[in-house]
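The values are calculated or read from the model by the stated rules, or taken from the named source; none is laboratory data. Since the model is a prediction, treat every value here as computed from it, not as a measurement. Neighbour counts run over all protein chains shown; Cβ positions are idealised from the backbone, glycine included. Only protein heavy atoms, including side chains, enter the accessible area calculation; ligands, DNA and RNA are left aside. Shrake-Rupley method; radii C 1.70, N 1.55, O 1.52, S 1.80 Å.
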Amino acid sequence: MSVSVFAPISIGNLSVGFDTLGLAISPIDGKLVGDIVRVEEASHNQFVLTGSHTSKLPDDENNIVWQSLLAFDQALEQSEQATVPIKITLEKNIPVSSGLGSSACSVVASLVALNEFYHRPFSDIQLLKLMGEQESAISGSLHYDNVAPCFLGGLQLMLNKQNQITQKLPVFEDVYWTIAYPDVEVSTKAAREILPDNYSRSTLIEFGQNLAGFIDASYRQDKTQAFNSIVDVVAEPHRTSLIPNFLESKSTLIEMGNLAVGISGSGPTLFAATDDLATAQASALWLNDHYLQSENGFVHICKADLIGARKI
Ligand code: HSE
């Protein structure tokens, strides 16, 4: 028996909710953009790395997928359940350090595939905690804003409480999220180190007002208020220096009619949001010509992915 699971990319932070919001997304052309993990029984534990973005990843026990297998086995043993040797195959289809939750895709696909293989021994919250631990080993701090939407789909608000890590929020289903990965590397670790340790009281208040305004508007489906609230006072002002051409691109994309433009996660991927398909298509063309730094960059027009990780 084998189990294959796909886990979608996501936009962490969504500008307005640093470490607190994340949105799973999928291209409107039906492409599966994210990672696929296959799990099957074997004579001994094995890891196989395939796909289009393998060159910067370890293909041995240092890979996050192998680490996820070890963590899952340990969790099974702690709950006195038997383990079997596993062959685990990662099809890595998105670049690392892209700001699209690349490591989250690998971790989520692995742990969901293993949980399915073993007939779901763990609950969603137990799995989410395991996912958070794996993600934090890579990025240097515990934040769920990629793993939660990647796993559970849609727009997730991190509550970070012992018995409730995340809460699903209503999404604007007619909004297109155009994403552009330029092909420059920005590690989450480096993008976190550049942030100040302390913020002023006025920044704190502005952050709270924007996030509260966005969540309130999401529940009332008030698009104007929601997208006016998508302002990043925490990370973007400090991170633009790491991302070539970000600010110029942002102002052009706003002039083109997008409702909001920001950095996806810790960058360098940029997102632009609009409810008008023609604007999304024009933005995608413009980004393709002006934002990408090499032929390995890419642009996709996406919508919210309401499903999250799924068996394929
Ligand atoms: N929220 C994280 C950050 C990255 O902006 O540093 C995405 O998990």
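F214 meets each of the listed conditions (1) within 16 Å of the ligand (Cβ to nearest atom); (2) assigned to a helix (DSSP H, G or I); (3) free of Cβ contacts under 8 Å to residues at least 60 places away in the same chain; (4) open to solvent by less than 30 Å² (accessible area, probe 1.4 Å) apart from (3). Of A272, A282, which residue is of a type in the set (A, V, I, L, M, F, W, C), out of contact with any strand residue (DSSP E or B) (no Cβ under 7 Å at 6 or more places or on another chain) and under 13 Å from W177 (Cα atoms)? Testing whether each residue is of a type in the set (A, V, I, L, M, F, W, C), out of contact with any strand residue (DSSP E or B) (no Cβ under 7 Å at 6 or more places or on another chain) and under 13 Å from W177 (Cα atoms) leaves just A282.
Scanning segment 236-287 for residues that are within 16 Å of the ligand (Cβ to nearest atom), over 17 Å from L100 (Cβ atoms), in contact (Cβ under 8 Å) with a residue 40 or more places away in the chain and not polar (S, T, N, Q) yields one hit, H238. Annotation for segment 110-121: no member residue is of a type outside the set (A, V, I, L, M), more than 16 Å from the ligand (Cβ to nearest atom), open to solvent by 10 Å² or more (accessible area, probe 1.4 Å) and farther than 28 Å from A82 by Cβ.
Going through segment 185-202 one residue at a time, which ones are more than 16 Å from the ligand (Cβ to nearest atom) and open to solvent by less than 60 Å² (accessible area, probe 1.4 Å)? If the condition is that a residue be more than 16 Å from the ligand (Cβ to nearest atom) and open to solvent by less than 60 Å² (accessible area, probe 1.4 Å), then S200 is the only one that fits. Regarding V16, is this residue open to solvent by less than 10 Å² (accessible area, probe 1.4 Å), in contact (Cβ under 8 Å) with a residue 60 or more places away in the chain, in a loop (DSSP other than H, G, I, E, B) and β-branched (V, I, T)? So V16 fits the description; yes.
The condition (being open to solvent by 20 Å² or more (accessible area, probe 1.4 Å) and assigned by TED's automatic domain parsing to the domain that holds Q126) is satisfied by just one residue among Q164, Q156: Q164.
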